[in-house]
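Only one structure is covered here, and it is reproduced in the block below.
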Amino acid sequence: MKKLEHAIESQQFDKDTLDYLFRLASEIKDDRTKYQLPGKILATLFYEPSTRTRLSFESAMLQLGGQVISTENAKEFSSNTKGESLEDTIKVVSGYADIVAIRHFEIGAAKRAASISSIPIVNAGDGAGQHPTQALLDLYTIQDHFEDLNGLTVAMVGDLKYGRTTRSLCYLLGRFFKVNIIFVAPPICAMADDIKAYLDSNSIPWKEMDFEHAVELADCIYMTRVQKERFLHMENYSKAADKYRIDLDTLHLLKDNAIVLHPLPREQEISPEVDHDPRMIYFEQAQNGVWVRMALIKMLLDG
Ligand code: CP
């Protein structure tokens with residue numbers, strides 16, 4: 001297995017690396033004390049808001065016996081405001097920490113950081129680009145529920161244009177599994193052509209479909225929030241918002257053994273009144289982020 005230097009995009013993960021990572025995550029889940037990295041320091045550099053990704057990375061490092069340094073609003077509270085380049089920031093932070101998790105508002109920022117960094121860089125979300133560690137924990141969660149992913153129908157619903165989580169998940173699913181993918185999005189938020197072309201090149205069937213039909217067909221439904229913050233014009237956001245919702249009125253459409261994921265945060269697209277349904281596994285999915293990120297940090301720092 002090739003040593004992992006950085007974690008920047010989903011396409012860099014081969015099957016051996018994925019299998020190893022997920023085995024390690026499961027071992028860590030069973031016994032959190034099994035793998036430790038005492039003395040190691042994680043820097044979290046977040047130029048965009050986050051609850052799950054930043055805190056689960058920090059929890060992961062603390063549970064590995066390491067330490068954390070952090071700037072949670074780097075766009076305003078780091079020397080970014082004084083005009084410091086991302087490259088200079090990374091060169092400096094490389095002297096303070098052993099690994100960096102970075103969330104940035106620009107597509108490609110994590111790749112730029114990795115190109116000049118002497119320590120591992122983890123992409124914790126780069127604008128509307130990718131969110132590979134979310135895709136890893138999503139896939140880990142799906143695999144935990146289905147013995148064989150081949151033949152499954154996965155519906156991705158919501159903001160597929162700006163949704164970096166669905167982009168990253170398509171790269172992973174499309175490369176390793178013979179799944180059927182359904183995209184459900186308002187036209188203004190349709191999945192981008194590069195992902196459709198990627199699925200075509202891997203002979204993965206995909207369709208665009210209406211919500212109700214997709215929910216009836218899908219084994220795995222991946223709901224997403226329409227990302228208001230990425231729209232330049234609010235009239236376009238209004239055209240995309242509040243179109244799809246899983247609630248007590250639509251719950252009956254789901255297959256008995258379906259699962260519903262969401263990277264969170266959610267808005268109206270999943271009503272809290274359905275949280276009790278065992279098919280709604282988004283909180284379990286968020287928890288899995290800690291085990292997968294612990295395993296990833298361990299692999300990046302220890303090989
Ligand atoms: N899923 C996710 O990326 O959530 P946060 O924005 O809270 O990190």
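If you wrap a convex hull around the C-alpha atoms of segment 168-232 and split its volume per residue, what is the figure in Å³? Present the calculation step by step, with values, prior to reporting the outcome.
Details: hull volume 6.3 nm³, N = 65.
Spelled out: Cα convex hull of segment 168-232, divided by residues, is 97 Å³.
Can you tell me what the convex hull of the Cα atoms of segment 25-140 projects to on average, as an area in nm²? Working shown, then result.
On the way: hull surface 28.4 nm².
So the mean shadow area of the Cα hull is 7.1 nm².
Run the quick spin-label model on residue 106 and residue 228: label points 7 Å from Cα toward the beta carbon, then report their separation in nm to one decimal.
2.7
Label 7 Å along Cα→Cβ of residue 273; segment 229-247 residues with amide nitrogen under 14 Å?
Correct set: 245-247.
Leaving ligands and nucleic acids out of the surface, order 267, 48, 76, 27 by accessible area at 1.4 Å, largest first.
Working: 267 90, 48 25, 76 115, 27 65 Å².
Largest accessible area first, the list is 76, 267, 27, 48.
Of the cross-linked pairs 3/298; 207/228; 3/111, which ones have a Cα-Cα span greater than 19 Å in the structure shown?
On the way: 3/298 12 Å; 207/228 25 Å; 3/111 17 Å.
With Cα atoms farther than 19 Å apart: 207/228.
Obtain the nm distance between the two label points defined at residue 178 and residue 23 by a simple spin-label model: each point lies 7 Å from its Cα along the Cα-to-C-beta direction.
2.5
Quick check: pseudo-label points 7 Å beyond the Cα along Cα→Cβ at residue 203 and residue 31, how many nm apart are they?
Label-label distance for residue 203 and residue 31, simple model: 4.3 nm.
Enter the Cα centre distance for the pair segment 225-299 and segment 73-98, rounded to the nearest angstrom.
32
Hey, could you pull the Cα Rg and Dmax for the chain, both in Å?
18.9, 55
Over all distinct alpha-carbon pairs, what is the Kirkwood Rh of segment 132-285 in angstrom?
On the way: mean 1/r = 0.0647 Å⁻¹.
Roughly 15.5 Å, rounded to one decimal.
Cα centroid distance between segment 160-187 and segment 12-64, in Å?
Between the Cα centre of segment 160-187 and that of segment 12-64, the gap is 24 Å.
Under 8 Å for C-alpha pairs, at least 6 residues apart: give me the relative contact order for segment 132-285, rounded to a whole percent. Please list the in-between numbers first.
Working: 264 pairs, mean separation 37.8, N = 154.
Relative contact order, segment 132-285: 25 percent.
The values are calculated or read from the model by the stated rules, or taken from the named source; none is laboratory data. Worth saying up front: this structure is predicted, and the values here are computed from it rather than measured. Glycine also receives a Cβ, built like all others from the backbone with ideal geometry; neighbour counts cover every protein chain displayed. Surface accessibility is based on the protein's heavy atoms, side chains included, excluding ligands, DNA and RNA. Shrake-Rupley method; radii C 1.70, N 1.55, O 1.52, S 1.80 Å.
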